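Colleague: Take this structure, written in structure tokens, and hold onto it; I'll ask about it next.
The values are calculated or read from the model by the stated rules, or taken from the named source; none is laboratory data. Predicted model, so just to flag it, every value in this text is computed and none were measured. Here the Cβ positions follow ideal geometry from the backbone for every residue, glycine too, while neighbour counts run over all protein chains shown. Just the protein is used for accessible areas: all its heavy atoms, side chains included, with ligands, DNA and RNA removed. Shrake-Rupley method; radii C 1.70, N 1.55, O 1.52, S 1.80 Å.
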Amino acid sequence: MRILLVEDDPDLSRQLKAALADAGYAVDHAGDGEEAHFLGDTEPYDAVVLDLGLPKIDGVSVLERWRREGRSTPVLILTARSAWSDKVTGFDAGADDYLTKPFHTEELLARLRALLRRSAGHATATLSCGALRLDPRAARASVDGEPIRLTSLEYRLLHYLMMHQGRVISRTELVEHLYDQDFDRDSNTIEVFVGRVRKKIGTDRIETVRGLGYRLTALEGESDA
């Protein structure tokens, strides 16, 4: 899952970017409203963490522009403003959640997980596909209760496929959501990562749909119970 972090405080930005990366996300950062609007307008993010007090263009204006342009990406607002009227302004501009500074990083991560879960239509914190389980809280996966060892990119791939299980995901979409903007992207490497993940979760769980992409499904006879 790919996140846009919009925060102008250098220390907080470094802290949050590291925490998000440790939690298994690909993270892009914008330090002002102009850059934030450009990235949010041109890149396919799964969620945005948006500070309101930004240079050049304030966060509320950036959010309002995105919503007017039809961008429905979930947005979690960060702000030092605690007045209820500021919260109402943020929600009316199109925010999905709100966190007041100072805050615990664990709470931000939990709220972000909830946003991503709701936007993908999942009701529970743990993702299931037959005997395959993925817990975004701990960034861990298992099959039949047995833990699977995954690299960070393998985890991102599996997380994205599980969030959108049953749907055909193209290579291009996977590239756009697995890597941050500074990564040297190559769609051919997706095939390599899919092959590695298949070996770890069972080769038949990820189907290749020729000419279209990949689809994650439960094995025949498996249930999510």
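Colleague: Of all the helices (runs of 4 or more DSSP H) wholly in region 125-215, which have at least 3 residues that are under 29 Å from Thr105 (Cα atoms) and touching a Gly at 6+ places or on another chain (Cβ under 7 Å)?
Modeller: Numbers: elements: 152-163, 171-178, 188-201.
Once the helices (runs of 4 or more DSSP H) in region 125-215 are filtered for at least 3 residues that are under 29 Å from Thr105 (Cα atoms) and touching a Gly at 6+ places or on another chain (Cβ under 7 Å), what remains is 152-163.
Colleague: Still on this structure, I have one more. Can you pull out every residue in region 102-130 that is of a type in the set (Val, Ile, Thr) and either touching a Phe, Trp or Tyr at 6+ places or on another chain (Cβ under 6 Å) or over 26 Å from Asp11 (Cβ atoms) (or both)?
Modeller: Taking region 102-130 first, the residues of a type in the set (Val, Ile, Thr) are 105, 124, 126.
Passing the criteria: Thr124, Thr126.
Colleague: Suppose the filter is surrounded by fewer than 17 Cβ atoms within 10 Å (Cβ to Cβ), closer than 23 Å to Leu39 by Cβ and either among the aromatic types (Phe, Trp, Tyr) or at pLDDT below 95 (or both); does Arg185 pass it?
Modeller: Values: surrounded by fewer than 17 Cβ atoms within 10 Å (Cβ to Cβ): yes; closer than 23 Å to Leu39 by Cβ: yes; either among the aromatic types (Phe, Trp, Tyr) or at pLDDT below 95 (or both): yes.
In short, yes.
Colleague: Taking the condition of being farther than 18 Å from Leu134 by Cα and in contact (Cβ under 8 Å) with a residue 60 or more places away in the chain, how many residues in region 193-216 meet it?
Modeller: Residues in region 193-216 being farther than 18 Å from Leu134 by Cα and in contact (Cβ under 8 Å) with a residue 60 or more places away in the chain: 0 in total.
Results for (1) in contact (Cβ under 8 Å) with a residue 60 or more places away in the chain; (2) over 14 Å from the mean Cα position of the chain (by Cα), shown as yes or no for each residue.
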site	(1), (2)
Val27	yes, no
Asp32	no, yes
Ala47	yes, no
Thr105	yes, yes
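Colleague: Go through region 204-223 and count every residue that is within 16 Å of His159 (Cβ to Cβ) and among the charged types (D, E, K, R).
Modeller: Residues that pass the stated criteria total 2.
Colleague: Do the conditions hold for His122, that is, is it under 16 Å from the mean Cα position of the chain (by Cα) and over 14 Å from Ile3 (Cβ atoms)? Reasoning before the result, please.
Modeller: Working: under 16 Å from the mean Cα position of the chain (by Cα): yes; over 14 Å from Ile3 (Cβ atoms): yes.
Yes, satisfied.
Colleague: Go through region 134-175 and report how many residues are charged (D, E, K, R), over 16 Å from Glu191 (Cβ atoms) and either open to solvent by less than 60 Å² (accessible area, probe 1.4 Å) or touching a residue at least 60 places away in the same chain (Cβ under 8 Å) (or both). Full working, then the answer.
Modeller: We begin by selecting, within region 134-175, every residue charged (D, E, K, R); these are 135, 137, 140, 144, 146, 149, 154, 156, 167, 171, 173.
Imposing the further condition that a residue be over 16 Å from Glu191 (Cβ atoms) reduces the set to 135, 137, 140, 144, 146, 149, 167.
Going one step further and asking which of them are either open to solvent by less than 60 Å² (accessible area, probe 1.4 Å) or touching a residue at least 60 places away in the same chain (Cβ under 8 Å) (or both), we end up with 135.
Result for region 134-175: 1.
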